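See structure below.
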Amino acid sequence: MADWLHREGAIVDVWVRVEIAELAWGANGVNAVWTEKPSVSYDYWCRMFRMPAYMRCDFTTLPIATRYLSAPDERVHQWRAYIGGIAPTHGRKRKRVGLVWAGDPNHGLDRYRSISLGALRPALEHARVTWFSIQKGEREREGEALAHELDFHTLGPVIANFSDTLAIVQTLDLVISVDTSVAHLAGAAGRPVWVLLPTCADWRWLANRTDNPWYPSMRLFRQRVLGEWDTVVEEVRQALLEWCDAP
């Protein structure tokens with residue numbers, strides 16, 4: 001939305017939470033970022049969620065269906081070196097895939113969107129995938145035990161902020177996530193991302209679709225029955241097999 005305004009001739013400042021301020025600096029069309037009430041005057045102001053109405057957005061003109069977020073170059077280089085030290089690409093044919101299986105437990109609908117790591121096990125047992133957990137929060141260390149059985153690496157404890165997460169996403173081949181901020185980060189960066197959705201999904205995911213006009217690089221895997229993830233995980237497992245075989 002900032003990019004659309006900028007292309008229309010506006011100088012665009014944004015007022016956001018501290019946690020995403022660095023991300024906002026890397027967004028197309030943003031002139032300045034505030035984390036407290038701006039001290040300067042403006043010709044116009046608008047709440048972000050009101051902008052699509054003023055822009056008269058529809059599926060054919062959606063201006064944010066492009067890559068509009070990127071991490072600082074130095075952050076990407078830092079994480080590319082870190083991940084390369086864990087899983088060197090030289091002589092390897094394994095895909096690097098990021099994984100997020102749980103959201104903020106304080107979210108009102110988290111019990112529907114989050115999944116147990118054990119339920120994902122059929123998809124994780126893929127011989128040609130190196131897994132990187134980019135899970136944050138209370139459950140970020142759950143995958144550490146899998147390192148003894150699978151090519152599975154836990155990054156959560158060394159991820160400091162959203163810019164780190166975005167840089168990691170830009171380094172990986174694919175991200176698989178439940179409906180969390182990481183899914184949106186990957187989509188906004190134009191990176192391949194698969195999202196596992198419950199039947200009671202947020203309105204932004206629309207309905208009866210496996211794609212999403214907000215994020216062209218995204219693929220959706222949907223529940224048929226509330227709380228039943230087995231079918232979804234099996235679809236992800238099959239999709240991984242096909243994806244790894246693709247040229």
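Along each principal axis, taking the top coordinate minus the bottom one, the Cα set of segment 192-247 gives 34, 27, 13 Å in descending order. One decimal place: the segment D3-Y42 gains 12.3 nm when fully extended, by the rule 0.36 nm per residue minus the C-alpha distance. Once C-alpha pairs closer than 8 Å and six or more residues apart are averaged by separation and normalised to the residue number of segment 73-245, the relative contact order reads 22 percent. Rounded to the nearest 0.05, the FRET efficiency derived from the C-beta distance between V158 and R56 at R0 = 35 Å is 0.20.
With a simple spin-label model that places each label point 7 Å from the Cα along the Cα-to-Cβ direction, the separation between R204 and E234 comes to 3.1 nm. Note on T35 and A10: the extension gain reaches 7.0 nm, defined as 0.36 nm multiplied by sequence separation minus the Cα-Cα distance. Taking packing as the residue-averaged number of other Cβ atoms within 10 angstrom, the listed peptides 18-30, 140-152 run from highest to lowest as 18-30, 140-152. Multiplying the residue separation of N106 and R141 by 0.36 nm and removing their Cα-Cα distance gives an extension gain of 10.7 nm.
Each reported figure results from applying straightforward, stated rules to the coordinates on display, with no laboratory input. Please read these numbers as outputs of a predicted model, since none were measured by experiment. Because the Cβ atoms are built from the backbone with ideal geometry, glycine has one as well, and the counts that use them run over all protein chains shown.
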